[in-house]
Amino acid sequence: MQSENVDQVIQNFPSVDVIMPTLNSARTLEMALESIIKQDYPGEIHIYIIDGGSSDTTIDIAKRYGAHIILQEGIHMHGKDGAYNLGIKRSNSPYILRMDSDNVLVEESFLKNMIYPFIEDSSINLSVSLSTTGPNSTCYERFGSMLDQKQLIEIAMKGIKHGNYYIVNDMTIGMNNCTVFRRRDYEVIGNFVSDISFFTALRKKGLSKAAINLECHYIHYGVPSYLGVLKKMNKRVKRVSRIIEDYDLSNLNGTSDSPPNQPITIKSYFRAIILNFIDIFRHGKKIYLCGFLLALVPIIVALMHPISMSKIYFGYLRKLAFKEGK
């Protein structure tokens, strides 16, 4: 059993840095930090809070849990000067857990089982967990978790089973929350601009070999309401429209353990909306209604911010055309 092997190499577990951006995160931060403190991990765990200017009790909570606090008013999670990048540069452990303030680690053995594949196989670059839901998860969070599990299990089944995790040689779909990666790989890339661009950059350097841990779960309390989804999407659209040049559109097709990464087109998007609508009647469950409503978010935001959405869409096409022309 893997648990027995873990105990045998317990003295080899390195320190881990948890990098967590915050901004008025009091609603979920205590649950997130409590789940870290409760970890049955043999090595040291260092928590880095990078705060963008909270006006609630976020900082007080972070201090209570002994976190290293970096105050940077106005900083956003992503970008070359973003909170993740700043936190990673200020920390120094060999392994980094990328975690949001609305994530909660489920198992007390989560971190131990996430780090174990690195110790057993020095060629592994990433350790990936699955999202799940808790008793207070909203319908929207349950739908997102269902999609995440379906995708990662599909990827894992194409890999090689090794104890409680599966090894895939090329993790090209994207990085979810609560993923662990090596600092040495980050230093090769140099920046953590966004999940997608960092993951793509790792693949280009041949650093995307991953262990998918089907027994490691986190809860994402990120979508408290439909209005919350719209607000979050509004902020993201306006921000991304300003920094579209930061996003790497490298070709992700080719031989891979992962399902092919299909480009999003107008046709495929509306097909997804139709399929979500059909699922409402096919399954008769509230969760599929949530999926249908979530699929409509981009249309609503496009109507609210047509200029920003146009910048993103045509910026994507322009970069794509430039790449194809090479």
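Throughout, read-outs are computed from the coordinates displayed, never taken from laboratory work. Note that this is a predicted model, so its numbers are computed, not measured. Don't worry about glycine lacking a Cβ; one is built from the backbone with ideal geometry, like all the others, and counts go over all protein chains shown.
Points to keep in mind about this one:
- Converting phi to 3J(HN,Hα) with the Karplus coefficients 6.51, -1.76 and 1.60 and the offset θ = phi - 60°, the stretch 28-38 yields 10, 4, 4, 4, 5, 5, 4, 5, 6, 4, 7 Hz in sequence order, with x at every glycine or proline.
- Footprinting exposure proxy for Ser129, Ser55 (fewest neighbouring C-beta atoms within 10 Å first): Ser55, Ser129
- Whole-Hz ³J(HN,Hα) from phi, Karplus 6.51 cos²θ - 1.76 cosθ + 1.60, for the stretch 105-111, glycine and proline x: 6, 7, 8, 5, 8, 3, 5
- Listed by Cβ neighbour count within 10 Å, with the fewest neighbours leading, Leu130, Leu97, Leu152 appear as Leu130, Leu152, Leu97.
- Relative contact order of the stretch 97-160, pairs being alpha-carbon contacts under 8 Å that are 6 or more residues apart, as %: 20
- Overall form of the stretch 52-110 per C-alpha gyration tensor (a/c, 1.5; a/b vs b/c): oblate
- In this structure the amide hydrogen of Asp56, modeled in the peptide plane, comes within under 5 Å of the amide hydrogens of Asn24, none closer than 5 places in sequence on its chain.
- Computed over the stretch 2-223: relative contact order in percent, which uses C-alpha pairs under 8 Å that are six or more apart: 25
- In summary, the convex hull built on the alpha carbon positions of the stretch 2-223 has an orientation-averaged projected area of 11.2 nm².
- Phi-based couplings in Hz for the stretch 276-292 (Karplus 6.51, -1.76, 1.60; Gly and Pro marked x): 5, 5, 5, 4, 4, 7, 5, 9, x, 10, 4, 4, 6, 5, 4, x, 5
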